[in-house]
Amino acid sequence: MTTQLTEQDIDRIVEMAWEDRTPFDAIEMQFGVNESQVIEIMRKEMKASSFRMWRKRVTGRGTKHAALRTDDVNRHRCSRQRSISNNKISKR
């Protein structure tokens, strides 16, 4: 990876990757980590069975890939996300 990620950054990347509505593009915009790097992080940070379950769930999922999203999905987080994760970074 080109950037040095803190433990807090890695935790947030895992959290965002686990969320069904957060596209990989949002992770890349915020952390500079592309989809294949997110997959590497998830493989490293999760138990093997959890990683397999996550990969099965997100493979081909339209909401994880902005280009595959339907027009009715116009945001990548739930309305309560900020209060849940205390994420202070604005999503544009």
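Does the range 49-71 contain any residue that is at pLDDT 90 or above and hydroxyl-bearing (Ser, Thr, Tyr)? Taking every residue of the range 49-71 in turn, at least one turns out to be at pLDDT 90 or above and hydroxyl-bearing (Ser, Thr, Tyr). Among the residues of the range 1-46, those identified as surrounded by 18 or more Cβ atoms within 10 Å (Cβ to Cβ) and aromatic (Phe, Trp, Tyr) are Phe24, Phe31. The single condition from (1) part of a helix (DSSP H, G or I); (2) touching a residue at least 24 places away in the same chain (Cβ under 8 Å) that Ile27 fails is (2).
The values are calculated or read from the model by the stated rules, or taken from the named source; none is laboratory data. All values derive from a computational prediction rather than experimental measurement. No Cβ is skipped: glycine too gets one built from the backbone with ideal geometry, and neighbour counts run over all protein chains shown.
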